[in-house]
Amino acid sequence: KGQVTVHVRKGAKGHCWPPTPRMAGGDMPTLTEWRRSGLEAFDDASRREELKYGRPPREEQSFRTTEGFSTFGKESNYGDMVKWLREGTLFGELALQNTEPRSATIVCSQDCELLRLRKEDYLNVIQGTKQKIYFFDRFLAPFRHNADKRAQGALTQHPSLLFADEIFRAGQTLTTEGMYADPKIFVLGASSRVEFCRYKDPGDNPAYILSKRPQSAPNQKANRCHPLLPGDLERCEPDEELRQSITTFNPNGQEVVVYDMIKEGSIFATMSACLSCSPEPFSIVVRCPNETCTIYTLDGAGIQKMHPRLLEALRELLAEEGARRMKKVQRDEKIQDVNVGSVKIW
């Protein structure tokens, strides 16, 4: 409750006001402490008596500001009053994020009750946020070069804050080869690693539905794999074995190929997040030295909130990395085709 006034010193160009007096040593009280102790009433009575008997007036009492760094008195000049602030208003927040001198003076025009947040407590609370911002700027060039300029120095507007901090277990599968996935972008946190894997034999992948191959089939076209649609898994119920095999990569110990492994600070995404309506080409498995690790995730709703220029830069980076991995897959498939052909000729 209460009301305060905001005062700003406005001078001519080049004119500098003298600095606000800093508090000298000693136990200088605040105005509230002075009034509550009864010294204000005693001082007023003493001054009236001095005036009555013609004694020289004593020096005016100075007080410590509530913040504790400055002093003020009845003769203090605060500058021009520029606005009134009433209950529910926030002020002084800039000092939490910088070390610049105060840009205005706040004076209580009424008895007030205030909620105060100390800078030390604030920094402790936002330490994780600052580390997250520095992490994204350090490892991801698009966040350094394409983030909104307003986010520089503004902890609440940096695009990295759109990403949620999620804890994953070592061995957990993020995407499954042959399955469609919701739009999602991943950034590996500290000490996090993931592997991009594929089954060496597509027939070993439980996420594929194999068509029945007649014995008279002249070639392997009848045995090609078809990707599962999102609704197929629901229709597979009560086939719990298939459901478990998809959520846990390679439960039966089939032969797999690891095409890539990326470490902390790397970014990857599902195919739908890259505007590609196709099933996932890899099973992405969490590999971390500890039992758990942190991965920053951005879902479809967060992707829509991202700045278009930054999102475009991220998708270009994701497309380059995806193309690099798929070249490895295509190269291996060509080698396998050559080997199969040579065996048939032999």
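Taken together, the values in this text are just the output of simple stated rules run on the coordinates, not laboratory data. Model, not experiment: these values are computed from the prediction. In this analysis, Cβ positions are derived from the backbone assuming ideal geometry, glycine residues included, and neighbour counts consider all displayed protein chains.
Treating the Cα atoms of the stretch 60-169 as identical point scatterers in vacuum, please give the log10 of the normalised Debye intensity I(q)/I(0) at q = 0.20, 0.22 Å⁻¹, two decimals.
-1.19, -1.34
Could I have the simple spin-label model distance between Ser109 and Asp299, label points 7 Å from Cα toward Cβ, reported in nm to one decimal?
Inter-label distance under the simple model: 4.7 nm.
Pick out, in residue order, every one of the GluC sites (Glu not before Pro) in the stretch 34-123 that is DSSP loop and has at most 13 other C-beta atoms within 10 Å; say none if there are none.
Taking the stretch 34-123 and a limit of 13 other Cβ atoms within 10 Å, the loop GluC sites (Glu not before Pro) found are Glu59, Glu60, Glu67, Glu75, Glu87, Glu113.
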